[in-house]
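K.L.:
Supplied in structure tokens, the structure appears directly below.
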Amino acid sequence: MEPKDVIDFVILIVYTLAVSLIEIVKAFIPNGILPRKNVAGKTVLITGSGSGLGRMMAIEFGKLGARIVLWDVNEKGNTETRKKLMDMGVKAHAYTVDLSKKDQINETAQKVKCEVGNVDILINNAGIVTGKKLFECPDDLMEKTMQVNTNALFYTTKNFLPGMLESNSGHLVTIASMAGQIGVAGLVDYCASKFGAVGYHESVTAEIIRLGKSGVNTTLICPYYIDTGMFDGVESK
């Protein structure tokens, strides 16, 4: 390893530790004390916006004055989300896209850039779960879980992060899961996909830091079970 590489590595480690320490301190500060990000007039793209958490986030960002771009494979649900936003006076654009298909992601991303413009905040929220044990889960469903929950993150990011880096402004949000931190029986494919999402996010964050783009922020969220359609009937023990 060249001396310059060693220095770069040390700087990266120190910077990462400093950022981590700051975030730990911020986690103990009560809500309402620190200033909140102003998203008025910003373009927020949310995947999985046709229902559940994605729809709720779209509505909340709409209340804050953001322009919302909705991505979901469920055209009916996505249209309903858009109508709710339009009724609130929020500018919203809905796109039907299957996040298990790379070509659809790339094509729809180009449409967004042409029809809406650059995305300021990308929220990778879409996810699916089979809820089947390893030997009971068909291969095609396991593969689709990985495609939607993990692979899609790479393609959405490769399409929209460059614009943020160029302007040194933006925010990348990954909605992962506690299942990306701890393995759970009966959710082998889902846990694997969410572990992948966490690894993706942490690595992309490190790359952004290494590039010195301090204006591009990232947020990783690992929720526990949320009472949405994805986990109907699930009970914790």
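K.L.:
Which residue out of Leu99, Leu122, Leu85, Leu70 is more than 16 Å from the chain's Cα centre (by Cα) and crowded, with 20+ Cβ neighbours inside 10 Å?
P.N.:
Just one listed residue meets the conditions, Leu85.
K.L.:
Something else: If a residue must be among the basic types (Lys, Arg) and at pLDDT 65 or above, how many such residues does the stretch 208-237 contain? Please lay out each step first, then the result.
P.N.:
Step one: of the stretch 208-237, the residues among the basic types (Lys, Arg) are 210, 213, 237.
Okay, now just the ones that are also at pLDDT 65 or above, so 210, 213.
Result for the stretch 208-237: 2.
K.L.:
Find all pairs meeting these conditions: Cβ atoms under 7 angstrom apart; at least six residues apart or on different chains; first residue within the stretch 5-31 and within 19 Å of Glu207 (Cα to Cα); second residue among the acidic types (Asp, Glu).
P.N.:
Correct list of pairs: empty, since none qualify.
K.L.:
Do you know which residues across the stretch 27-52 are in a helix (DSSP H, G or I) and either in contact with an Asp or Glu (Cβ under 6 Å, 6 or more places away or on another chain) or among the hydrophobic types (A, V, I, L, M, F, W, C) (or both)?
P.N.:
Of everything in the stretch 27-52, just one residue is in a helix (DSSP H, G or I) and either in contact with an Asp or Glu (Cβ under 6 Å, 6 or more places away or on another chain) or among the hydrophobic types (A, V, I, L, M, F, W, C) (or both), namely Ala27.
K.L.:
Starting from residues that are of a type outside the set (A, V, I, L, M) and within 13 Å of the chain's Cα centre (by Cα), keep the ones in the stretch 171-189 and report whichever is farthest from Asp139 (Cα to Cα). Walk me through how you get there before you give the answer.
P.N.:
So the first thing to find is which residues in the stretch 171-189 are of a type outside the set (A, V, I, L, M), and the list is 171, 174, 177, 180-181, 183, 186, 189.
Subset that is within 13 Å of the chain's Cα centre (by Cα): 171, 174, 177.
Details: His171: 34, Thr174: 26, Ser177: 22 Å.
Restricting to residues being of a type outside the set (A, V, I, L, M) and within 13 Å of the chain's Cα centre (by Cα), the top hit is His171.
K.L.:
How many residues does the stretch 156-181 contain that are out of contact with any Lys or Arg (no Cβ under 7 Å at 6 or more places or on another chain), closer than 18 Å to Leu99 by Cβ and either not basic (Lys, Arg) or not assigned by TED's automatic domain parsing to the domain that holds Val116 (or both)?
P.N.:
Residues of the stretch 156-181 out of contact with any Lys or Arg (no Cβ under 7 Å at 6 or more places or on another chain): 156-164, 166-167, 169-175, 178, 181.
Filter once more, keeping what is closer than 18 Å to Leu99 by Cβ: 156-161, 172-175.
Checking the rest, the ones that are also either not basic (Lys, Arg) or not assigned by TED's automatic domain parsing to the domain that holds Val116 (or both) come to 156-157, 159-161, 172-175.
Counting residues in the stretch 156-181 that are out of contact with any Lys or Arg (no Cβ under 7 Å at 6 or more places or on another chain), closer than 18 Å to Leu99 by Cβ and either not basic (Lys, Arg) or not assigned by TED's automatic domain parsing to the domain that holds Val116 (or both) gives 9.
K.L.:
Could you check the stretch 53-106 and list, in sequence order, the residues that are under 16 Å from Val119 (Cβ atoms), touching a Phe, Trp or Tyr at 6+ places or on another chain (Cβ under 6 Å) and either in contact (Cβ under 8 Å) with a residue 60 or more places away in the chain or in a helix (DSSP H, G or I) (or both)?
P.N.:
Across the stretch 53-106, the qualifying residue is only Ile105.
K.L.:
May I pose another question? Collect the residues in the stretch 112-162 that are β-branched (Val, Ile, Thr) and touching a strand residue (DSSP E or B) at 6+ places or on another chain (Cβ under 8 Å), keeping them in residue-number order.
P.N.:
Passing the criteria: Val112, Val116, Val119, Ile121, Ile123, Thr156, Thr157.
Conditions tested, residue by residue: (1) more than 13 Å from the chain's Cα centre (by Cα); (2) buried (at least 19 other Cβ atoms within 10 Å of the Cβ).
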{"site": "Gly117", "(1), (2)": "yes, no"}
{"site": "Val129", "(1), (2)": "yes, yes"}
{"site": "Thr145", "(1), (2)": "yes, yes"}
{"site": "Phe154", "(1), (2)": "no, no"}
{"site": "Ser169", "(1), (2)": "yes, no"}
{"site": "Cys191", "(1), (2)": "yes, yes"}
{"site": "Gly196", "(1), (2)": "no, no"}
{"site": "Tyr200", "(1), (2)": "no, yes"}
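K.L.:
Follow-up question, since we're still on this one. Among the residues of the stretch 1-41, what is the count of those that are more than 29 Å from Lys63 (Cα to Cα) and among the charged types (D, E, K, R)?
P.N.:
4
The values are calculated or read from the model by the stated rules, or taken from the named source; none is laboratory data. It should be emphasised that the depicted structure is a prediction, and the values quoted were computed from it without experimental measurement. Don't worry about glycine lacking a Cβ; one is built from the backbone with ideal geometry, like all the others, and counts go over all protein chains shown.
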